[in-house]
Amino acid sequence: MSLTVSVVIPTYKEVLNIPLISKAVNDAIGHLSYELIFVDDNSADGSIEAVEKLSHQWPVRIVVRTEERGLSTAVMRGIYEAKGEHVVVMDADLSHPASAINNMLGLLQSGKSDFVVGSRYVEGGSFDEDWGFFRLLNSKAATWLAMPLCHIKDPMSGFFAFKRSNMPAEHLLSPLGYKIGLEILVKGRFSAPAEVPIHFVDRQHGESKLDFKEQVRYLRHLRRLYRFRFPTASEFLQFGLVGATGFLVDSLFYWMMQALFGLPHTVARAISFWPAVTWNWFWNRTLTFSDRAKTNKLSQWASFVGTSLYGFVINVGSYKLLTDYVPYFMEHKYMALMAGVLMGMGFNFMAARIFVFRKLDEEVAQETEKKH
Ligand code: GDD
Ligand code: MN
């Protein structure tokens with residue numbers, strides 16, 4: 001008989017919770033053919049023995065990792081070990097009520113949804129009252145930052161279920177930190193995510209591993225997800241941010257050359273261009289186009305300068321044309337300035353992403369493959 005569901009539970013030092021969560025899962029879905037896989041990162045607290053004991057009674061097993069650590073990769077490992085048609089991922093600490101699993105599976109089986117989340121933030125969902133102000137603010141801010149990536153209210157949840165055949169290919173996943181549910185949801189391009197309300201209970205035994213370092217990691221993870229979901233828009237945004245800081249560098253040098261070295265303003269203008277353009281090149285190489293080929297610095301810098309000069313000509317040229325020939329802009333010169341800046345920047349951006357910061361050879365190969 002084929003397995004209906006695989007429950008995957010990452011654990012790190014959860015020996016006291018293992019029997020409790022195993023019972024809760026069995027109480028909820030004991031009537032189905034299921035397996036429960038713990039993925040433990042070498043807790044060495046008796047977890048292995050605890051699972052061994054329970055395995056006489058219930059279909060539970062434990063995978064122990066010694067080489068790697070981390071919640072996300074542990075969950076991925078468990079999913080790759082799983083044999084069931086559906087996968088449910090949840091925490092060991094009883095924060096996630098196993099009683100919701102049947103609801104979640106129901107939505108998957110009926111075809112109403114292809115990714116179901118146990119949610120604190122939909123109607124009927126809740127969490128223990130004693131969350132401090134900062135924990136709440138933190139959680140809310142983290143949730144809010146992820147909103148454009150997906151259309152659910154609790155994308156932070158570590159309690160989710162989906163059909164195993166919808167698991168995104170391994171090479172697509174590059175989870176960083178804690179939010180493996182969000183990672184799978186975004187990379188898997190699920191079309192009908194849904195939420196079932198849960199009451200999230202604070203843990204009784206052991207302690208949470210969510211610290212400040214995890215939160216910084218979350219921000220880096222978000223950046224990756226945005227780049228995956230909105231590749232061009234996130235490049236453009238980063239390019240714009242770099243450009244804005246470059247403008248500050250430009251202004252600073254322009255002012256210094258005159259105030260400190262007494263140079264004439266036109267000379268100052270001609271000089272300040274160079275640190276600014278170098279600054280922009282550097283940050284676009286390290287930030288905006290960090291995933292592009294790391295080509296020779298000097299020649300890349302030179303071609304960046306080249307396209308920036310063209311961009312500058314387009315910027316000033318369109319200002320001149322607009323203010324000379326278009327009545328509206330004759331009246332509104334500042335609008336012409338902005339239009340010029342936008343056109344110059346648009347040109348620079350296109351030139352940068354096509355000519356200056358070239359794609360990796362593999363990427364080009366992959367794209368041509370897709371076309372055939
Ligand atoms: N294998 C393994 N390796 N498991 C881990 C690791 C690790 O490095 N770190 C944590 N875990 C396990 C814990 O043992 C627990 O079963 C589960 O992952 C969640 O860890 P907690 O430390 O209890 O996390 P939390 O309560 O702070 O966070 C939970 O709630 C968040 C929403 O508020 C998690 O469900 C998060 O995914 C969720 O975003
Ligand atoms: Mn927890």
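The values are calculated or read from the model by the stated rules, or taken from the named source; none is laboratory data. Keep in mind it's a predicted model, so treat the numbers as computed, not measured. Note that we place each Cβ from the backbone using ideal geometry, even for glycine, and neighbour counts take in every protein chain shown.
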Inset, instruction - Would you check if SER6 is part of a strand (DSSP E or B), at negative phi and either away from ligand 1 (no atom under 13 Å from the Cβ) or more than 32 Å from the chain's Cα centre (by Cα) (or both)? - result: yes
Legend entry - Odd one out for LEU298, checked against (1) at pLDDT below 95; (2) loosely packed, with under 12 Cβ neighbours inside 10 Å: (1)
Inset, instruction - Have a look at ASN284, ASN315 and point out the one that is at pLDDT 95 or above and either under 35 Å from the mean Cα position of the chain (by Cα) or surrounded by fewer than 16 Cβ atoms within 10 Å (Cβ to Cβ) (or both). - result: ASN284
Inset, instruction - Determine, yes or no, whether GLY118 is outside any helix (DSSP H, G or I), out of contact with any Lys or Arg (no Cβ under 9 Å at 6 or more places or on another chain) and farther than 20 Å from SER6 by Cα. - result: no
Legend entry - Test result for PHE239, under 17 Å from the mean Cα position of the chain (by Cα), away from ligand 1 (no atom under 16 Å from the Cβ), outside any strand (DSSP E or B) and surrounded by 15 or more Cβ atoms within 10 Å (Cβ to Cβ): no
Inset, instruction - Output the number of the condition that VAL341 fails; it satisfies all remaining conditions of (1) of a type in the set (Val, Ile, Thr); (2) over 26 Å from ARG224 (Cβ atoms); (3) free of Cβ contacts under 8 Å to residues at least 24 places away in the same chain. - result: (3)
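Restricting attention to helices (runs of 4 or more DSSP H) lying wholly within the range 10-84, give those where 1 or more residues are small (Gly, Ala, Ser) and free of Cβ contacts under 8 Å to residues at least 40 places away in the same chain.
It comes to 17-29, 47-54.
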Inset, instruction - Go through the range 104-152 and count every residue that is charged (D, E, K, R) and touching a strand residue (DSSP E or B) at 6+ places or on another chain (Cβ under 9 Å). - result: 5
Inset, instruction - Select from the range 322-336 the residues that are out of contact with any Phe, Trp or Tyr (no Cβ under 9 Å at 6 or more places or on another chain) and not hydroxyl-bearing (Ser, Thr, Tyr) and list them in ascending order. - result: ASP324, VAL326, PRO327, MET330, GLU331, HIS332
Inset, instruction - Can you tell me which residue among LEU16, LEU3, LEU94 is of a type outside the set (D, E, K, R) and touching a Phe, Trp or Tyr at 6+ places or on another chain (Cβ under 7 Å)? - result: LEU3
Legend entry - Filtered residues of the range 85-102 (kept if part of a loop (DSSP other than H, G, I, E, B) and either touching a strand residue (DSSP E or B) at 6+ places or on another chain (Cβ under 8 Å) or surrounded by fewer than 21 Cβ atoms within 10 Å (Cβ to Cβ) (or both)): GLU85, MET90, ASP91, ALA92, LEU94, SER95, HIS96, PRO97
Inset, instruction - Look through the range 199-225, keep the residues that are within 11 Å of ligand 1 (Cβ to nearest atom) and among the hydrophobic types (A, V, I, L, M, F, W, C), and return whichever of them is surrounded by the most Cβ atoms within 10 Å (Cβ to Cβ). - result: PHE200
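Results for (1) under 19 Å from PHE162 (Cα atoms); (2) out of contact with any Leu (no Cβ under 8 Å at 6 or more places or on another chain); (3) not hydrophobic (A, V, I, L, M, F, W, C), shown as yes or no for each residue.
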site	(1), (2), (3)
LEU3	yes, yes, no
PRO10	yes, no, yes
LEU16	no, yes, no
ILE21	no, no, no
ALA28	yes, yes, no
SER72	yes, no, yes
Legend entry - Pick from the range 121-149, criterion away from ligand 1 (no atom under 14 Å from the Cβ) and surrounded by 16 or more Cβ atoms within 10 Å (Cβ to Cβ), ranking: farthest from HIS221 (Cα to Cα): VAL122
Inset, instruction - Considering only residues that are aliphatic (A, V, I, L, M) and crowded, with 18+ Cβ neighbours inside 10 Å, look in the range 32-62 and name the one that is nearest to ligand 2 (Cβ to nearest atom). - result: VAL39
